[in-house]
Each structure stands twice: as C-alpha cells, then as structure tokens.
Amino acid sequence: SRRFAAKSSVLDPPDVSRLAETARISISPEEVEEFAPKIRQVVDWFGQLQAADLQSIKPALRAADAEGDNLRDDEPQVFDNRDAMLSEVPTYEDSYIKVPKVLNKE
C-alpha cells in the first residue's frame, strides 16, 4: 500500500470502493480504476498541506479581507407559519427534524 508522508503524519490513500459506499454512490470497477489515481493525488495534496510551516500564522476562525470583519449581525428571525414548514418534513419529533442516518460506524 502506497503511503503519503508529511512532516508529522502519514496519510493512507483511501479504498475507493469503500469510499464510494460511504458516500452512498455506485461505481463500476472501471470507475474505481479511473478515480483511484485522482483520489491518491488529492490525498497527496493534503499531505503537502500538512507539511506547510504555519508557525508564523496567527490562528483564526476564518480569513478576513482587507476591510476587516464584514459579516452581518446574527439576529434570530421568527417563522410565523411553523405548521406549514413542518407539513413538508417527512418525520419530526418535538422540535427536531429527523433525518436518515448518514454514516455507518463499524
């Protein structure tokens, strides 16, 4: 198995068939062969990113532009017709919308 080394960690290229299964997509064996090198290249790019020296970079939650923080104020909004919204939701319980499980933990 080919491994990609960065300064402090090693990334294993993913099993393309398992990755497709996790993403809940169907791919043929030919597509596995086609996508495997491309996915390995992406994993290699992540290895290169991990190797970047960021010691001189100040930690931040997001990049700021030259103008500074230009986000709008976060103000709650009241949705007057809650029943109409919930009538479009297949399953909900109390104030929570229920969605199908996405990841299978082994």
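The values are calculated or read from the model by the stated rules, or taken from the named source; none is laboratory data. The shown structure was predicted, so the numbers you read here are calculated from the model rather than taken from an experiment. Glycine gets a Cβ as well: all are built from the backbone with ideal geometry, and neighbour counts include every protein chain shown.
Values for this structure:
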| quantity | calculated |
| --- | --- |
| Residue within segment 46-62 that is within 23 Å of residue 103 (Cα to Cα) and at pLDDT 85 or above present | yes |
| Pairs with Cβ under 7 Å, 6+ apart, first in segment 46-69 and small (Gly, Ala, Ser), second at pLDDT below 85 | 47/4; 47/5; 47/6; 47/11; 51/6; 51/7 |
